[in-house]
Amino acid sequence: MNFSPFDLVEWQSRHEASSTYSLADSGCQPARLSDVVSDPADLEEMLNVDQGYGDLAGSDLLRGHIAAWHGASATDVLVTVGGTEANAIVLEAVVEPGGHAVVVMPGYPQLTGCLNNRGVRVDTVALEEARGWQLSIDQLMRAVRADTRAIVVTHPNNPTGAVLSEHDICALVSAAARVGAWLVVDEVHRGTEAAGAVTSTLWGRYDRVVCVGSMSKAFALPGIRIGWVVAPAALREQVERRHHYATIAPAKFATAIAERAFTTPVRERLLNRTRRFVRVGSDALRVWVDASDGLLSMVDPVATASGFVRYHLSEGSLEIADAIRRAGVLVIPGAHFGVEHHLRITHGVEPEYLAEALQRISAVLGGLRRCSR
Ligand SMILES: Cc1ncc(COP(=O)(O)O)c(C=O)c1O
C-alpha cells in the first residue's frame, strides 16, 4: 500500500530549528508552565504527584473539565496524547480499510493522510475561497453515498481559519444522517476566535457526532501533548481499545497541568492570552496583506492563529515557501493542504517578531514580482 507522509510536519521538523523566524505553527506563541502553575503550594503538590501510569482514559477531573467544554458528559470523554492521537484512533474506529469517507478540504492533512494510509476510499468536498471558505453543498450532496462511513471536517478550519455557517453545519449533519455516517469533527482550534463567542461545538447535533479537541491551541499548551475524543459510549469504547495499543495513557504530569489549565482563573488567563495574540496578529496580517499592492489577498480568518494568504504570482507554493525559508522565515506552503498559490502564515506571535518576519517575506515576494514583470 502507498504511504502518504505527513508533509506538513516533515517540512516543519526539517526546517524549524534552522529558521530565524518560524511562522509555521498553527497555534499562537506557546504558554509557559509558569502561566499555569504559579502558586508555590500548588507547585509542591505537582512535584509530589507519583509518576505512575494514571487513569488510562484520563483522570476523572480532566474528563469532567473537557466534558463541560463540549456540553458532554465525562463518560463520553477519552483523554489522548494530543489531538493527533485522537484523530488517528477515531478514524481507525469509524472506517474500515476499503470503506468510503468524505473529507472537507482544505483541512488538517493528518485526517486525509490517516485515511489514505488505511486504504480508505476518500472523496473530497471543497470549502470555496470565493465564498469566504464556505462549504460546497453541491459537492457534499454528490460525494456522500449510501456506503459513506464518515464525513470528516476541521472546524474551526486549519488552514483557512474559517468557521462554517449554521446553514453549512445543518447540511453536514443532514448529509451524515441521510446515510448514517459518522460526522468526525476536528475541533482542535475551537476557542481561538479573534472576537466574539467560542465556535459552537458540533457535539450533540446528531447521535453520530464525534469531536476531537486539544490543549494545543486555545490553551496554548502544545508541549503537554494532551488531547481528547468526545464520542457516544459505544464508539468511545472502540476508540479507547485503539488508545490502549497506541499510547496506553496520557502522561500523568501533563494531566496535572491540563487539570490546572482548565481551572479558574488560569483557564480565563490562558484563553484571553490566546485571543489577544490572535486579535493583534490577525489585524497585523490584514494590514500587511492590504499594503501588498495587489500581490496578496486573504479571506480574514475568524479563528486560529494563522491566515491562509493567496499570493498572485505564477510560482508554486513549494518554490515560494522555499525561497522564503532561505530568507530565514518558515511558513507552510499551501501545497501541503492541497491548495496551490497560498501560504499558511502564523500571526499569533509577538508583534515585533511578526513584523520582522513579514518584512522578510515581503522582500522575497517583491523580488519575485519584479522578476516576473
Ligand atoms: C486541526 C488540527 N488538528 C489536530 C492537530 C494536532 O493537535 P495536537 O497538537 O493536539 O496533537 C493540529 C495541530 O496543529 C491541528 O491544527
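Please pick out the residue among Glu240, Glu259 that is in contact with a strand residue (DSSP E or B) (Cβ under 8 Å, 6 or more places away or on another chain), assigned by TED's automatic domain parsing to the domain that holds Arg63 and among the acidic types (Asp, Glu). Full working, then the answer.
Details: Glu259 fails: in contact with a strand residue (DSSP E or B) (Cβ under 8 Å, 6 or more places away or on another chain).
Checking each option against the conditions leaves just Glu240.
From the list Asp322, Asp300, the one residue that fits, being in contact (Cβ under 8 Å) with a residue 60 or more places away in the chain, away from the ligand (no atom under 16 Å from the Cβ) and not hydrophobic (A, V, I, L, M, F, W, C), is Asp300.
Being within 28 Å of Ala335 (Cα to Cα), in the same structural domain as Trp69 (by TED's automatic domain parsing) and not in a helix (DSSP H, G or I) narrows it down to one of Ile169, Ile151, so name that one. Walk me through how you get there before you give the answer.
Values: Ile169 fails: not in a helix (DSSP H, G or I).
Among Ile169, Ile151, only Ile151 is within 28 Å of Ala335 (Cα to Cα), in the same structural domain as Trp69 (by TED's automatic domain parsing) and not in a helix (DSSP H, G or I).
Here Ser282 clears all of (1) at positive phi; (2) under 22 Å from the mean Cα position of the chain (by Cα) except the condition numbered (1).
Restricting the range 1-19 to residues that are outside any helix (DSSP H, G or I) and touching a strand residue (DSSP E or B) at 6+ places or on another chain (Cβ under 7 Å), which is nearest to Phe253 (Cα to Cα)? The qualifying residue nearest to Phe253 (Cα to Cα) is Glu16.
Under the condition of being in a helix (DSSP H, G or I), in contact with a helix residue (DSSP H, G or I) (Cβ under 8 Å, 6 or more places away or on another chain) and of a type in the set (A, V, I, L, M), the residues counted in the range 280-300 number 3.
Condition check ((1) more than 16 Å from the ligand (Cβ to nearest atom); (2) within 23 Å of Ser282 (Cα to Cα)) across all residues:
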| position | (1), (2) |
| --- | --- |
| Met141 | yes, no |
| Val152 | no, no |
| Pro156 | no, yes |
| Gly161 | no, yes |
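Can you tell me which residue in the range 107-122 is nearest to the ligand (Cβ to nearest atom), limited to those that are in contact with a strand residue (DSSP E or B) (Cβ under 7 Å, 6 or more places away or on another chain) and not in a helix (DSSP H, G or I)? Restricting to residues being in contact with a strand residue (DSSP E or B) (Cβ under 7 Å, 6 or more places away or on another chain) and not in a helix (DSSP H, G or I), the top hit is Tyr108.
Yes/no matrix, rows are residues, columns are (1) touching a strand residue (DSSP E or B) at 6+ places or on another chain (Cβ under 7 Å); (2) over 19 Å from Leu221 (Cβ atoms); (3) polar (S, T, N, Q); (4) modelled with pLDDT under 95:
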| position | (1), (2), (3), (4) |
| --- | --- |
| Ala31 | no, no, no, no |
| Val36 | no, no, no, no |
| Asp42 | no, no, no, yes |
| Met46 | no, no, no, yes |
| Ala67 | yes, no, no, no |
| Ser73 | no, yes, yes, no |
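For the criterion of being surrounded by fewer than 18 Cβ atoms within 10 Å (Cβ to Cβ) and either more than 16 Å from the ligand (Cβ to nearest atom) or touching a residue at least 60 places away in the same chain (Cβ under 8 Å) (or both), Arg190 fails. Restricting the range 202-240 to residues that are touching a residue at least 60 places away in the same chain (Cβ under 8 Å) and part of a helix (DSSP H, G or I), the residue that is farthest from Asp76 (Cα to Cα) is Gly223.
Please determine whether any residue of the range 270-279 is part of a helix (DSSP H, G or I), modelled with pLDDT of 95 or more, among the β-branched types (Val, Ile, Thr) and crowded, with 21+ Cβ neighbours inside 10 Å. Outline the logic, then answer.
Filtering the range 270-279 for residues part of a helix (DSSP H, G or I) gives 270-279.
Going one step further and asking which of them are modelled with pLDDT of 95 or more, we end up with 270-279.
So of that shortlist, the ones also among the β-branched types (Val, Ile, Thr) come out as 274, 278.
This time we only want the ones that are crowded, with 21+ Cβ neighbours inside 10 Å, so: 274, 278.
Yes, the range 270-279 contains at least one residue that is part of a helix (DSSP H, G or I), modelled with pLDDT of 95 or more, among the β-branched types (Val, Ile, Thr) and crowded, with 21+ Cβ neighbours inside 10 Å.
Filtered by the rule that a residue be crowded, with 20+ Cβ neighbours inside 10 Å and out of contact with any Ser or Thr (no Cβ under 8 Å at 6 or more places or on another chain), the range 107-122 gives Pro109, Cys114, Leu115, Val120. Residues that are part of a strand (DSSP E or B) and either more than 14 Å from the ligand (Cβ to nearest atom) or among the aliphatic types (A, V, I, L, M) (or both) within the range 70-87 comprise Val77, Leu78, Val79, Val81, listed in sequence order. Working carefully through the options Val125, Val104, Val90, find the one that is buried (at least 17 other Cβ atoms within 10 Å of the Cβ), within 16 Å of the ligand (Cβ to nearest atom) and assigned to a strand (DSSP E or B). It is Val104.
Of all residues in the range 23-65, those that are in a helix (DSSP H, G or I), surrounded by 11 or more Cβ atoms within 10 Å (Cβ to Cβ) and aliphatic (A, V, I, L, M) total 6. Of all the numbered requirements in (1) among the polar types (S, T, N, Q); (2) away from the ligand (no atom under 16 Å from the Cβ); (3) not in a loop (DSSP other than H, G, I, E, B), Thr264 misses one, and that requirement is (3).
Taken together, the criteria place Thr304 among residues that are in a loop (DSSP other than H, G, I, E, B) and closer than 19 Å to Pro156 by Cα. Kindly establish whether Glu96 is more than 16 Å from the ligand (Cβ to nearest atom) and part of a loop (DSSP other than H, G, I, E, B). Spelling it out, Glu96 is indeed more than 16 Å from the ligand (Cβ to nearest atom) and part of a loop (DSSP other than H, G, I, E, B). Within the range 177-199, one or more residues are under 20 Å from the mean Cα position of the chain (by Cα) and of a type in the set (Ser, Thr, Tyr).
The values are calculated or read from the model by the stated rules, or taken from the named source; none is laboratory data. This one's a predicted model, so the numbers in the text were calculated from it and none came from an experiment. Here Cβ is always computed from backbone atoms with ideal geometry, including for glycine, and neighbour counts include all displayed protein chains.
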